[in-house]
């Protein structure tokens with residue numbers, strides 16, 4: 001039988017300390033909670049080397065009386081509770097009496113404190129759990145705890161810490177969460193000598209949110225205030241259109257205590273059902289106020305887990321509070337910005353003259369917008385109703401169409417040679433000498449049936465030779481005809497005896513993805529005129545900054561912006577500026593959740609995300625020549641006929657299959 005040993009005091013303290021102090025952020029959390037319980041209105045946190053080198057937490061709270069300082073470092077010594085009954089209704093953040101003892105067991109600690117009635121402060125030192133000295137010192141009322149050389153005597157714990165920058169970000173998130181919960185306290189966080197954020201402490205929750213999460217995040221928030229009996233929910237949630245790709249911006253509190261709880265998270269997301277896109281998650285800063293006896297916070301040494309007396313009641317309360325806000329009629333929704341087109345009325349197309357036969361459905365028809373024609377009963381006055389543009393005016397409109405087409409082709413990132421341009425011809429009147437131009441001679445009344453035919457004439461069918469798709473004899477090229485676009489999503493084209501349907505977003509995404517893969521390491525990036533600040537969680541920020549080389553090879557330039565933010569200075573050339581923030585959030589969330597992925601998997605996913613964000617979208621209005629060029633690239637076989645995530649890009653429907661559906665063939 002093995003011999004049973006009674007552990008010595010020092011070893012036992014190291015084991016116990018491991019439950020409370022996991023990393024530098026755990027130390028900061030315990031010390032900041034003590035400062036809050038002491039009634040502080042100003043709290044400052046400073047760290048070096050990610051908190052491993054030093055941590056200093058200063059406050060202007062009530063302080064500790066000199067005679068009780070040594071007692072405060074004894075395990076389970078606390079001023080928060082006295083008897084077992086007090087555990088049934090805990091109203092303070094700290095209550096276990098383990099923080100100072102656990103911290104002192106694995107570091108070198110100095111505590112400088114003074115109360116209102118003391119004439120001078122007291123400086124107390126411990127190292128590895130052993131008392132060193134206590135002496136008189138000077139400072140205003142309050143307490144400063146300085147922790148140095150964390151885990152200097154526990155190398156097993158030290159080797160599992162992350163890089164200093166990563167540990168520093170985790171510390172920043174702890175201070176950030178406390179700042180959100182206590183807007184009446186001014187929090188200051190300094191990392192490596194640089195101030196990361198400072199909250200005003202004016203009692204306004206929105207002021208604290210702006211200070212630590214940024215103005216862009218705060219703009220999308222909706223206020224929540226709901227009460228049900230002795231319980232209430234107060235705070236902010238993101239508008240449905242501003243939901244994110246991860247849960248990193250969800251901050252829940254119970255009576256001012258930061259917690260992690262699946263019930264609250266499930267209730268929040270259930271409240272967004274039907275108003276939020278799939279794959280997106282809401283953000284929130286919500287505080288649940290309830291009688292202390294209805295919640296048990298004595299569950300885990302970290303005190304971030306709680307148990308509710310009635311989980312169903314809590315779910316119902318949170319659901320009703322949030323649902324009532326996100327389903328209001330005044331909740332922000334996506335709207336089309338028509339301000340650019342507002343000053344000018346929509347142009348009116350001239351109807352075609354009567355024809356004996358309707359034009360073929362295969363022909364692409366483009367009607368040139370012109371001013372309305374005069375009524376036949378009234379004489380036409382040039383100043384009131386000018387004639388339809390001819391000559392130079394007609395050529396100007398034609399050149400405008402060509403310009404828009406070229407611009408759209410560039411937006412689609414489709415490289416075309418002049419020989420590959422689809423036919424886009426407009427029958428226009430010949431250019432007249434200046435003395436014979438329409439504006440230089442009086443206009444004559446013109447009946448409705450005798451309007452100029454140049455605007456009504458259909459444009460020549462857009463068709464061109466497409467590479468062989470397999471059914472034609474070897475060496476014979478097949479003609480591709482553009483038919484139109486269905487639902488502004490699917491390109492319709494005719495190729496010999498087949499109808500081709502192409503998902504334009506999936507097709508363009510695949511083309512961009514192949515270019516990114518081929519040029520990885522040499523992807524052209526565009527510097528942003530105004531760098532974009534993106535708010536992330538500590539884990540997301542660490543994951544993003546850790547993959548600096550990967551991002552640079554993909555055309556990104558990202559740097560630490562302090563606090564919970566990163567600054568995006570450059571993005572791949574195809575990415576629209578308005579998509580930079582969401583794209584960065586998506587990539588950061590994926591990198592944070594897929595830490596075990598290989599480098600090739602991470603690279604592949606990043607390139608997928610860039611291609612998806614840069615590609616044209618379903619619902620976009622794109623010119624026919626650009627869509628035809630896109631279809632040709634897909635049908636050429638240069639890229640696989642499916643998007644990077646495996647969705648099909650095109651569907652073929654033969655004439656035989658179509659006729660069978662209509663009963664024309666048995």
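The values are calculated or read from the model by the stated rules, or taken from the named source; none is laboratory data. Model, not experiment: these values are computed from the prediction. Positions of Cβ are backbone-derived with ideal geometry, glycine not excepted, and every protein chain shown enters the neighbour counts.
Quick look at the values:
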{"quantity": "Which numbered condition residue 571 fails, given (1) farther than 30 Å from residue 25 by Cβ; (2) under 20 Å from the mean Cα position of the chain (by Cα); (3) buried (at least 16 other Cβ atoms within 10 Å of the Cβ); (4) modelled with pLDDT under 85", "calculated": "(4)"}
{"quantity": "Any pair with Cβ under 7 angstrom, 6 or more apart, that starts in the stretch 221-242 at a residue that is over 16 Å from residue 264 (Cα atoms) and ends at one that is assigned to a strand (DSSP E or B)", "calculated": "221/236; 221/237; 221/238; 222/236; 222/237; 223/236; 239/222"}
{"quantity": "Which numbered condition residue 532 misses (of (1) more than 19 Å from residue 612 (Cα to Cα); (2) assigned to a loop (DSSP other than H, G, I, E, B))", "calculated": "(2)"}
{"quantity": "Among (1) touching a helix residue (DSSP H, G or I) at 6+ places or on another chain (Cβ under 8 Å); (2) under 20 Å from residue 542 (Cβ atoms) - the single one residue 145 does not satisfy", "calculated": "(2)"}
{"quantity": "Selection count, the stretch 37-56, where residues are outside any strand (DSSP E or B) and more than 19 Å from residue 151 (Cβ to Cβ)", "calculated": "5"}
{"quantity": "Residue among 475, 521 that alone is in contact with a helix residue (DSSP H, G or I) (Cβ under 7 Å, 6 or more places away or on another chain), in the same structural domain as residue 641 (by TED's automatic domain parsing), on the phi > 0 side of the Ramachandran plot and modelled with pLDDT under 85", "calculated": "521"}
{"quantity": "Those residues of the stretch 642-658 which are free of Cβ contacts under 8 Å to residues at least 24 places away in the same chain and surrounded by 12 or more Cβ atoms within 10 Å (Cβ to Cβ), in sequence order", "calculated": "657"}
{"quantity": "Matching residues in the stretch 159-194 - criterion: being free of Cβ contacts under 8 Å to residues at least 40 places away in the same chain and within 26 Å of residue 545 (Cβ to Cβ)", "calculated": "159, 160, 179"}
{"quantity": "Test: residue in the stretch 8-21 that is modelled with pLDDT under 90, assigned by TED's automatic domain parsing to the domain that holds residue 146 and under 17 Å from residue 258 (Cβ atoms)", "calculated": "yes"}
{"quantity": "Check on residue 254, at negative phi, crowded, with 21+ Cβ neighbours inside 10 Å and modelled with pLDDT of 90 or more", "calculated": "yes"}
{"quantity": "Subset of the stretch 77-104 [assigned to a helix (DSSP H, G or I) and either loosely packed, with under 15 Cβ neighbours inside 10 Å or at pLDDT below 70 (or both)]", "calculated": "84, 85, 86, 87, 88"}
{"quantity": "Residues that are in contact (Cβ under 8 Å) with a residue 40 or more places away in the chain and within 16 Å of residue 134 (Cα to Cα), drawn from the stretch 36-74", "calculated": "63, 64, 65, 66, 69, 70, 73"}
{"quantity": "Members of the stretch 238-250 that are within 27 Å of residue 203 (Cα to Cα) and either at pLDDT 95 or above or assigned to a loop (DSSP other than H, G, I, E, B) (or both)", "calculated": "239, 243, 247, 248, 249"}
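Residues checked against (1) in contact with a helix residue (DSSP H, G or I) (Cβ under 8 Å, 6 or more places away or on another chain); (2) surrounded by fewer than 16 Cβ atoms within 10 Å (Cβ to Cβ); (3) part of a helix (DSSP H, G or I); (4) assigned by TED's automatic domain parsing to the domain that holds residue 610:
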residue	(1), (2), (3), (4)
485	yes, no, no, yes
493	yes, no, no, yes
517	yes, yes, yes, yes
544	yes, no, yes, yes
555	yes, no, no, yes
563	yes, no, no, yes
566	yes, no, no, yes
583	yes, no, yes, yes
